[in-house]
Amino acid sequence: MSIYCVSIGEREYRVNVTDTQLLVDGEPLPGRLIPLSGKGLYLLRRGNQNLELHLNVGERSTYEVLAAGRRIIACVKPAHRRSRRWPQLHQTGDLVAPMPGMVVAVPVREGERVVQGQSLVVLESMKMQMQLRAPCAGRVARVAIWPGSQVKKNALLVRVEESSPAPNVGELNVHERGTI
Amino acid sequence: MKILVANRGEIAVRILRACRDLGWPGVAVYSEADREALHVRYADEAVPIGPTAASASYLNIPALLEAARRTGAEAIHPGYGFLAENPAFARAVEDAGLIFIGPRPETLALTGDKLAARRMARAAGLPVLPGPDTPLPARIPEDLAAQIAYPVLVKATVGGGGRGIRLARTPEELEQKIAAARREAQAAFGDDTVYLEPLVQPARHIEVQILGDGRGHALCLGERECSIQRRRQKLIEESPAHGLSESLRWQLYDAASRLTHALNYRSLGTVEFLLDSDGQPHFIEINPRIQVEHPVTELVTGFDLVKEQLQLAEERVLRISQDQIVLRGVAIEARILAEDPAQGFLPATGEITYLKEPGGPGIRVDSALYPGMPVTADYDSLLAKVIAWGEDRAVALQRLRRALREFRLGGVPTDLEFLLQVLESPRFIAGNIDTTYVETLRPQPQAGDPELERQIALATALAAHRRQGQTKSEPSSPSGMWRMTAWREQM
């Protein structure tokens, strides 16, 4: 899965790209980007709808986009390279790194329902691996890291939006890898 | 007749097209910066006339006359701006034995002095704003100072394009505004003479198109409304003016005709009026040249104004009569400028990386744009004009909006979205506009349409994803590829 942060004006969009799904801010947005013969020309095909776009890549991952009579500058960065754009406030459902380390595994996905205590992140630090667990039940609202991410102490790892547990607990995927 | 076009950009292409339509050869001139410009490629012959700076090229009278001599041009069309209203240029052209496509030099001298034009208009019985028709002295006499009604405009006597004008709202501001207007006028036109004019606000800017043969005959080709202006630069113009009563229309035409005859006017001209909130017209000035917004008149009258100008220069008589001029439908023009509304309409520079001009029913595009064209700060910021015609105003407006949405221009920010904001605003749709309207609109960059933004976010993320995937699968460097091939061969 690849995560991209796209800034358009004041707004930021998170785009998740996997083999099976495309999500924008956690909502599915299926579509295919088809290059056309003209340089920089693409079609974003969604069902029967086509959106013609002209993309011009500029400096520092900025794209000048011409579409639907608009000229929009979009800045695209892969998620793990973004730093300090996260709000610093930590909410109840925020899972933060207790110490600096490297993320080994992230067994959950954005949008997934989790129960309190469920393993969300496996972090390796000082040659030890630890599982970091969901502080509350709810929906995974944000996954801020990726296997291989180096994190500082107190870095936000996963944000869980608190809500009542899902009715069918059996659907949840729970992986156990190493123990502390 | 071989015509030399002493101008650049879209108007040069426009004039050269009219020459083509007449089967006449056209000569383009160009500065260093315009080496690859469209008007240069369009013309039958093209002559370089100097370095990039306008003063050294498009304002360089000896260079222009030399270019005409070298190519054997018989007439010079000055376009708009640059030397179009310069009596010395017109005189130099005629002294060189060439035809100047425009009014006589004496007329240019008169119209160039706004106070002289006002005196002439007053004498011809036109409604003129009250005020002294004399230049403002360096120190304002007490009795004049006492009579000044505020707010008052300080205006440069010479020049145009909205420059050299300042507004003084209170007596305390007057001195400072006069100084500022004088400075700007001196820098722009080399003459710091100013005069005072009462401010008419809110007002509608209505202008009348005239064409005279210089021998006592003149035509009136309808009026245009140009109230959509930003800092006195026109953005959107239309013909006819919306909601004018027939009697007011005839009053304007009559006034314009009287002035045309009083001047024994030759060639194209525009008589400008301000309509105050009581619907009373006031003469402002006469523009002795073809104007940027001439296409709206062409579309509602069906006549090619540039062609008429050219043929008039050759034949010396008007080929059309007043009763042939019937306004049909409505035409609206939008000016596409290289200015960024999100940055306070700061002029933008860059390079046109992608271009797709609109088309379809009722759409005309006057532009000299081409992919790869550099957009610099050397000349004005007008990129293109999009004009829509419809059998009524609603149809013209709908077509213009459609056309602006079709326009694809990459590489520089433009005022396209701001134009759409104006054209979709209730007041504009109702025709309830005046010269202050644009100042009340705040540009809303990328307003609305979150659905479109989400799709764009997806598309750009996918494009970035694709690029990442490509860099991983391609050989890391050309030399790496060669090494691989060499190794395989050795095997």
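The values are calculated or read from the model by the stated rules, or taken from the named source; none is laboratory data. Computed from a predicted structure; not experimentally measured. Here the Cβ is made from the backbone with ideal geometry for all residues, glycine too, and neighbour counts use every protein chain on show. Only protein heavy atoms, including side chains, enter the accessible area calculation; ligands, DNA and RNA are left aside. Shrake-Rupley method; radii C 1.70, N 1.55, O 1.52, S 1.80 Å.
The table that follows gives values for the structure above.
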| read-out | value |
| --- | --- |
| Where labels lie 7 Å past Cα in the beta-carbon direction, separation of residue B:380 and residue A:34 in nm | 4.4 nm |
| Cβ-based charge dipole, chain B, positive-most Cα from B:294, B:116, B:263 | B:294 |
| Peptide B:415-426 - average C-beta neighbours from other chains (10 Å radius) | 1 |
| Proximal lysines relative to residue A:152, as straight alpha-carbon distance under 26 Å, when same-chain residues fewer than 8 apart are discounted | A:77, A:127 |
| Proximal aspartates and glutamates to residue A:153, defined as alpha-carbon separation beneath 16 angstrom and excluding residues fewer than eight positions away on the same chain | A:94, A:124 |
| Where A:146, B:250, B:389 fall by accessible area, highest first, once all protein chains stay in place (1.4 Å) | B:250, A:146, B:389 |
| Amide H within-cut-off set for residue B:289, under 5 Å, with H built and near neighbours excluded | B:270 |
| Probe 1.4 Å - accessible area at residue A:139, Å² to nearest ten | 80 Å² |
| Solvent-accessible surface (1.4 angstrom probe) belonging to residue A:128, in square angstrom, nearest 10 | 90 Å² |
| Lys/Arg +1, Asp/Glu -1 at C-beta; the protein assembly as shown dipole; positive extreme among B:348, B:413, A:144 | A:144 |
| Peptide A:26-33, shielding by other chains (average Cβ, 10 Å cutoff) | 3 |
| Between A and B, accessible area buried - total, square angstrom, nearest 100, 1.4 angstrom probe | 3500 Å² |
| Dipole of segment B:305-455, positive end: most advanced residue of B:455, B:361, B:334 [Cβ charges, Cα centre] | B:361 |
| Residue mean of other protein chain beta carbons inside 10 Å, A:1-7 | 4 |
| Segments B:135-142, B:344-351, B:59-66, B:192-199 sorted - mean Cβ within 10 Å per residue, highest first | B:192-199, B:59-66, B:344-351, B:135-142 |
| Accessible surface of residue B:30 - all protein chains present, 1.4 Å probe, nearest 10 Å² | 40 Å² |
| Nitroxide proxy distance, nm - points 7 Å out along Cα→Cβ at residue A:68 and residue B:183 | 4.6 nm |
| Kirkwood-type radius of the protein assembly as shown, with distances r between different C-alpha atoms, in Å | 29.3 Å |
| Point-to-point label distance, residue A:133-residue B:247, nm (Cα→Cβ direction, 7 Å offset) | 9.0 nm |
| Reachable lysines, given that their alpha-carbon falls under 16 Å from the alpha-carbon of residue B:2 and they are not under 8 places away in the same chain | B:307 |
| Cα Rg, Dmax, segment B:8-114, angstrom units | 13.2, 38 |
| 10 Å-binned pair-distance histogram of chain B (Cα, whole percent) | 4, 17, 27, 26, 14, 5, 3, 2, 1, 0, 0 |
| Under 14 Å, Cβ to Cβ, from residue B:105 - net charge with Lys/Arg +1 and Asp/Glu -1 | -1 |
